[in-house]
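Each value in this text was obtained by applying a stated rule to the coordinates, not by laboratory testing. Bear in mind the structure is a predicted one, so any value in this text is a computation, not a measurement. Backbone-built Cβ (ideal geometry, glycine too); neighbour counts: all protein chains shown.
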Amino acid sequence: MNVAATPSTVLDGFAFTECPRWHDGRLWFVDMHLNQVVSTDLGTTDTSVLNVPGSPGGIGWLPDGRLLVVMMDERRILRREDDKWVVHADLSTAVPTTLNDLAVDSAGRCFVGETGFDPHEYLSDPSDIDRVSSGEFECPSLSRLFVVETDGRYRESASGLAFANGIVINDDTRQLFVAESFGARLSRYDMDESGALSNRLRLPLGFAPDGIGMDAWGHIWVSDVFGRAAQRVSSTGELLDRVSSRQLCLACTVGGASGNELMLCSSPSLDRTECLAKLESHIEMTTIAPSARPENGE
């Protein structure tokens, strides 16, 4: 496995950066504790902030460009419409805990995961972190994925997940990947034209994954929270490359003008009170080399 240089900090002063996306020439991400959706072009001081009415999770865009954002505690997905937030889908009757990350396919369907339980109750003891990272942790309850149609109707699409977290969709191969934070693995599904998921394949990682992203070569970049790194993983689960982060690595995405910039969300802590007091959550960035083994056949 190749090891790359530690990335540099390009943005700071946030409480808890998460769910980064590269969209329309800009980096987008959320601050879960400041209740913000932030976008920046990274090359200048041009940064925009949208306030949201609660703690935001995953973000994505409909094919016509309208922004979607998960409201985690409210268990809703909001849509940006005429400079206002409107409800795109309300999953509160189906989800007893919280919603988490989100991914949108080329047809405008979004896939969103539930947490299943409060993770912070099980991360205070180093022995718990060791069990989570090794995949030996027994979840108090398992979680599900839901697929949401463009009109807001939703249905369960996958179950039996050990804390569903980051989600990416490879529209070329019609595959969906979801990180299972308390299972120390990815799960890969085949996805048909209706959005139905099948043929689950579990890909053990040996660490607890959080947010994930896909690069131009079809590989998955996976945030290794407690290992303070992002790791490039093949579609069959082979660890290919590793980039260390300066802090806990919460999530990652790949983008930039040439499509070879790896951007990380990092934080000194998982404790909300400490994060709000310090405001030391960062965006880190480094240039990645092309993969010697492309997944998409380039």
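Look at segment 181-192: where a residue is within 20 Å of Ser223 (Cβ to Cβ) and a partner is of a type in the set (Ser, Thr, Tyr) and outside any strand (DSSP E or B), sitting 6+ places away or on another chain with Cβ atoms under 8 Å, you get Phe182/Tyr122; Ala184/Ser133; Ala184/Ser134; Arg188/Ser235. Could we say that Ser245 is on the phi < 0 side of the Ramachandran plot, without any contact (Cβ under 8 Å) to a residue 40 or more places away in the chain and out of contact with any helix residue (DSSP H, G or I) (no Cβ under 6 Å at 6 or more places or on another chain) here? So Ser245 does not fit the description; no. Among the residues of segment 204-215, the one identified as farther than 22 Å from Gly57 by Cβ and under 17 Å from the mean Cα position of the chain (by Cα) is Asp215. Pairs meeting the criteria (first residue in segment 37-49 and more than 16 Å from Thr17 (Cα to Cα), second residue polar (S, T, N, Q) and surrounded by 11 or more Cβ atoms within 10 Å (Cβ to Cβ), beta carbons under 7 Å, at least 6 apart or on different chains) are Asp46/Thr40.
Tallying residues that are among the polar types (S, T, N, Q) and in contact with a Phe, Trp or Tyr (Cβ under 6 Å, 6 or more places away or on another chain) within segment 130-142 yields 2.
Residues checked against (1) crowded, with 24+ Cβ neighbours inside 10 Å; (2) of a type in the set (Asp, Glu):
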{"residue": "Asp172", "(1), (2)": "no, yes"}
{"residue": "Ala184", "(1), (2)": "no, no"}
{"residue": "Asp192", "(1), (2)": "no, yes"}
{"residue": "Leu203", "(1), (2)": "no, no"}
{"residue": "Ala208", "(1), (2)": "yes, no"}
{"residue": "Ala216", "(1), (2)": "no, no"}
{"residue": "Trp221", "(1), (2)": "yes, no"}
{"residue": "Phe226", "(1), (2)": "no, no"}
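When you look at Pro53, is it under 17 Å from the mean Cα position of the chain (by Cα) and either part of a strand (DSSP E or B) or more than 23 Å from Ser244 (Cβ to Cβ) (or both), yes or no? Taking the combined requirement at face value, the residue does not satisfy it. Filtered by the rule that a residue be within 16 Å of the chain's Cα centre (by Cα) and of a type outside the set (A, V, I, L, M), segment 56-86 gives Pro56, Gly57, Gly58, Gly60, Trp61. Filtering segment 74-86 to residues that are surrounded by fewer than 13 Cβ atoms within 10 Å (Cβ to Cβ) and either in a strand (DSSP E or B) or in contact with a Gly (Cβ under 6 Å, 6 or more places away or on another chain) (or both) leaves Glu81, Lys84, Val86.
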